[in-house]
Each structure stands twice: as structure tokens, then as C-alpha cells.
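Okay, structure first, notes after.
The values are calculated or read from the model by the stated rules, or taken from the named source; none is laboratory data. Just so you know, these numbers come straight off a predicted model, no measurement behind them. We place every Cβ from the backbone using ideal geometry, glycine too, and count neighbours over all the protein chains shown.
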Amino acid sequence: MALLQPVATLPSEQMEFARVCQASWSAGSRTLLDGAYFAIRPVWGTGSQGTYVITGTKNLLKNECYSDRQAIKRAVLREHGRWRLFPLLAEEFMVNTNGEPVCGIEYKFFMFGHHIAAIMTSRRVENKKVFWFYNDKWEPFVHPFFFEIGQDEITSCPDNFEEMKAIAIRLATAFGTFVRVDLYNTSKGVFFGEFASVPGHGIPHTDFANEYLGKTWETYMPDAI
């Protein structure tokens, strides 16, 4: 999902729940939630749980349609409640490189400092996520990284791949240890999504992935284990 603002340009707009459910939906308010495309998600979580990606009155993630914005508000209240552990983010939903308001490909860089260990592509097919992994030359890995998760078809290298790599390296180097850097390719350019220090909260990796990533960690960041 292309959800956040450009790298180091537009910070995401964090809202307290009262603002999301009241001020942001009030008549005449000028916020992200008045636009045609926006997303609401908790600041902490995984697997897009509790996330709403809205185009018009449709939630792309759940393939659900709402009668109006008040119906979206009620759905958010039902799922998150008035008292919750984490704040919610209201973010601009960025359309894909073709200008289409759909959930496009996510590019997830597995980084050890300046070294790119792997790039995972993630996209939704019939409300399910499918993945594949590539090296820093966009050559697909033969062996899968995850158990029991849908494998995607091989996709073409993005035209601005070198720019994406440079952004991932800059961010990961500043992070200082292993991190996954998520980027999105949109009609407005490359956007930063999030950092993930424990991707997928421990999704079981294959023996190949464990050995490969473990050796990469020992090679490039032995002091950060």
C-alpha cells in the first residue's frame, strides 16, 4: 500500500482518535480525510490489521463499500473502539505509477547497514498477499523465503530502481542495525512507508532464508547482533 508522504518531505499526519472521529469528519474541515484517497491505520501492528485504505467510499483492503464518510467513521469506531492502545495515523493514499487508485506493489528492502540483502515485492491478489524476493541486481532468488505464503510471479524491474536502492541505503545506514525499509513507487515518485525491525513478527522463514540472512548479518554487521 502506498500510504505515506515522500521521504524527508511531507511528514505523516498523526491524529488523536477524537480528531479522526470528530474534527476530521466535520462539515467543512480541510484535512486528508476530506480527499478522495486516504488511509487510516494504527501506528503499531502487522499484516495491515485495522487498516482502511479508502478510495471514495470503498476500502480496498477488505473490498468493502460504505454508503458515506459517516459509515467509514462508524466502521473505524467498531474496530478500534474509543479507547485503544495506540494512536491512529491518517495518511494520504498515493496512487500507483499509472495513476490508478489501487494497492500497488510494495518494495521491502532487507538491509544490513548499507548492504541490500534482499528486496521483497508484495502485492494483493484477490485480497491475499503474494511475495517474491530479488537481489540488489533484481535477479530473483530461486528458493522461497517464507513457508506457506503465496508466491508471486516474477515482476519487471522498476525504472527507478537505482533511486529506490539509494533511498533504502541512506535510511538503513542511519538505522544502525538490521531493518526492513519499505518503499512505494507512485505517480509522484518513491515514497517511504515504514521501518520493520522484526518483519512480520516472526513469520517462519525457510532454512534457506535463515541461513542466507544469518550469514549476511554476520558478514556486514557482526557487532550489531
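Looking at segment 198-224, which of its residues are at pLDDT 90 or above, surrounded by 13 or more Cβ atoms within 10 Å (Cβ to Cβ) and not polar (S, T, N, Q)?
Result: Phe208, Ala209, Tyr212, Leu213, Trp217, Tyr220, Met221.
Could you check segment 88-100 and list, in sequence order, the residues that are more than 17 Å from Gly193 (Cα to Cα) and either surrounded by 15 or more Cβ atoms within 10 Å (Cβ to Cβ) or not polar (S, T, N, Q) (or both)?
Gly99, Glu100
Here is a yes/no grid of residues against (1) modelled with pLDDT of 80 or more; (2) exposed (fewer than 13 other Cβ atoms within 10 Å of the Cβ); (3) not aliphatic (A, V, I, L, M):
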position: Thr55; (1), (2), (3): yes, no, yes
position: Asn59; (1), (2), (3): yes, no, yes
position: Gln70; (1), (2), (3): yes, yes, yes
position: Ala75; (1), (2), (3): yes, no, no
position: Gly81; (1), (2), (3): no, yes, yes
position: Leu85; (1), (2), (3): no, yes, no
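Out of Lys137, Lys165, Lys129, I need the residue that is part of a helix (DSSP H, G or I), basic (Lys, Arg) and in the same structural domain as Lys215 (by TED's automatic domain parsing). Which one?
Unique residue meeting the criteria: Lys165.
Among the listed residues Phe195, Phe175, which satisfies the condition of being surrounded by fewer than 19 Cβ atoms within 10 Å (Cβ to Cβ), closer than 21 Å to Phe145 by Cβ and out of contact with any strand residue (DSSP E or B) (no Cβ under 6 Å at 6 or more places or on another chain)?
Unique residue meeting the criteria: Phe175.
Which residues, taken from segment 100-126, are assigned to a strand (DSSP E or B), among the hydrophobic types (A, V, I, L, M, F, W, C) and within 15 Å of the chain's Cα centre (by Cα)?
Phe109, Phe110, Ile119, Met120
Does Asp223 count as in contact with a helix residue (DSSP H, G or I) (Cβ under 8 Å, 6 or more places away or on another chain) and either among the basic types (Lys, Arg) or outside any strand (DSSP E or B) (or both)?
no
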